[in-house]
Amino acid sequence: MTTWDGFQAFAATPVAAPPPSGAPPRSLEERLAYYSRFVTVRTPAIDALAKNVRTLMILGRHQEVTARPSLIVTGPAGAGKTTALLQVGRACHLAHTRRHGAVAAAGQVPVAYVLVPPAASAKTLATEFARYLGIPVGAGMSQAQITNAVCHTYTAAHVQLVVIDEIHRLNPRTTTGAQSADLLKDLTERIGATFVYAGIDVTTTALFSGVRGAQLAARASLVDCGPFPARDGGNEPFKDLIQAMENALDLRCHRAGTLVRLAPYLHARTAGRIGSLARLVKQAAITALVDGTERITRTTLDAVRLDHLAEQHYRPHARPRSRSASAL
């Protein structure tokens, strides 16, 4: 994913979808493969992100003097930030191809996706930008030389959207973090693209601290990608999410509505995080295929071990012992 070839393959691969009505049954192997990918539910966070990115790309299209406005997606781990970013990046890539045609778009790179490496220095971060487009980086190249090559190549490739994930790894209070923040500022001013960042709870990290952090905060709007509440006024966002996932199941004996009725339990198990819910449903579905039951039940779900964060959150209360038992 962090190279152009990898991202292009991701964007061009048809999204996973349940079989249409009347289609012949899929084989066990086909369905196991389906659950390893599964559907991506169009959530309010994805809609909000897509709308904001589209607006910012139009806003910055002819802005050449200063850095274009940017966007930061924040939220807890497992809230679907990376999924939302990748879906918006895919949409941007496909829209560019439709608008210009596959032949005309050949050689152009509308979207770049870069991960901030742990303890990133300006040079290692610039090298990640170079690696995405296969820009050769010699052992003796300085950071300035790598940055110049990146800016030249990204401009020539007509990059329109730069997605930078794991931005919480940057700490402008440290020397290397400050240099990396300066590099990002430099890139936003020299590459004619909209920059979108994502990180875990960035408002509680050092990302916005100091002069460099203040510069980033002044240029970036924030989109919160938090857990789904069980209720939001008269709506039930988490139950809607469960319904969308349940509708996408391909199990021959599953009873429709089972997961929706288990919404309070599922919210307690996952703390409302879409990543944990998707993992729970996928693992339960695979279990139902492998053991031949072809249905998901509360027992199936109880047997799934989730990520540590979800398991720490979910602590079923032990039944209190009766007085007679206590007296023994």
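Hey, any hits in segment 190-201 for a residue that's open to solvent by 10 Å² or more (accessible area, probe 1.4 Å), modelled with pLDDT of 90 or more and either part of a helix (DSSP H, G or I) or among the aliphatic types (A, V, I, L, M) (or both)? There is at least one residue in segment 190-201 that is open to solvent by 10 Å² or more (accessible area, probe 1.4 Å), modelled with pLDDT of 90 or more and either part of a helix (DSSP H, G or I) or among the aliphatic types (A, V, I, L, M) (or both). Regarding segment 208-220, can at least one residue be identified that is open to solvent by 30 Å² or more (accessible area, probe 1.4 Å) and either modelled with pLDDT of 95 or more or in contact with a strand residue (DSSP E or B) (Cβ under 6 Å, 6 or more places away or on another chain) (or both)? The answer is yes; a qualifying residue exists.
Within the set 188, 124, the sole residue that is touching a Pro at 6+ places or on another chain (Cβ under 9 Å), at negative phi and hydroxyl-bearing (Ser, Thr, Tyr) turns out to be 124. Of the residues examined, residue 56 is not one that is touching a residue at least 40 places away in the same chain (Cβ under 8 Å), closer than 25 Å to residue 183 by Cα and within 14 Å of the chain's Cα centre (by Cα). Would you pick out the residues in segment 225-257 that are open to solvent by 40 Å² or more (accessible area, probe 1.4 Å), without any contact (Cβ under 8 Å) to a residue 40 or more places away in the chain and farther than 19 Å from residue 19 by Cα? Hits for segment 225-257 are 231, 232, 233, 234, 235, 236, 239, 240.
Rundown of residues vs (1) in contact with a Lys or Arg (Cβ under 7 Å, 6 or more places away or on another chain); (2) part of a strand (DSSP E or B); (3) farther than 30 Å from residue 171 by Cβ, yes/no style:
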| position | (1), (2), (3) |
| --- | --- |
| 216 | no, no, no |
| 222 | no, yes, no |
| 226 | no, no, no |
| 244 | no, no, yes |
| 249 | no, no, yes |
| 252 | no, no, yes |
| 256 | no, no, yes |
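Scan segment 258-276 for residues that are free of Cβ contacts under 8 Å to residues at least 40 places away in the same chain and either within 13 Å of residue 35 (Cα to Cα) or not in a loop (DSSP other than H, G, I, E, B) (or both) and jot them down.
Of everything in segment 258-276, those that are free of Cβ contacts under 8 Å to residues at least 40 places away in the same chain and either within 13 Å of residue 35 (Cα to Cα) or not in a loop (DSSP other than H, G, I, E, B) (or both) turn out to be 258, 259, 260, 261, 263, 264, 265, 266, 267.
Filter segment 68-80 for residues that are among the hydrophobic types (A, V, I, L, M, F, W, C) and open to solvent by 10 Å² or more (accessible area, probe 1.4 Å) and give the result. Correct list: 77 only. A count restricted to segment 264-284 and to residues that are open to solvent by 10 Å² or more (accessible area, probe 1.4 Å) and of a type outside the set (Lys, Arg) stands at 9.
Taken together, 158, 168 contain a single residue that is outside any helix (DSSP H, G or I) and not polar (S, T, N, Q), which is 158.
Comparison of 111, 41 shows that the only residue that is open to solvent by less than 20 Å² (accessible area, probe 1.4 Å) and β-branched (Val, Ile, Thr) is 111. No other residue among 174, 155 is out of contact with any Gly (no Cβ under 6 Å at 6 or more places or on another chain), open to solvent by 50 Å² or more (accessible area, probe 1.4 Å) and more than 19 Å from residue 112 (Cα to Cα) apart from 174. With the requirement that a residue be buried (at least 22 other Cβ atoms within 10 Å of the Cβ) and either among the aromatic types (Phe, Trp, Tyr) or under 18 Å from residue 1 (Cβ atoms) (or both), what does segment 130-152 give you? 132, the sole residue that qualifies. The condition of being open to solvent by 30 Å² or more (accessible area, probe 1.4 Å), β-branched (Val, Ile, Thr), assigned to a helix (DSSP H, G or I) and closer than 23 Å to residue 186 by Cβ holds for only one of 83, 97, 127, 55, that being 127. Return yes or no: is residue 105 within 18 Å of residue 47 (Cα to Cα), out of contact with any Pro (no Cβ under 9 Å at 6 or more places or on another chain) and free of Cβ contacts under 8 Å to residues at least 60 places away in the same chain? Spelling it out, it is not the case that residue 105 is within 18 Å of residue 47 (Cα to Cα), out of contact with any Pro (no Cβ under 9 Å at 6 or more places or on another chain) and free of Cβ contacts under 8 Å to residues at least 60 places away in the same chain.
The values are calculated or read from the model by the stated rules, or taken from the named source; none is laboratory data. These numbers come from a predicted model, not from an experiment. A quick note on method: Cβ atoms are made from the backbone with ideal geometry, for glycine too, and the neighbour counts reach across all protein chains shown. Surface areas here come from the heavy atoms of the whole protein model, side chains and all, with no ligands, DNA or RNA. Shrake-Rupley method; radii C 1.70, N 1.55, O 1.52, S 1.80 Å.
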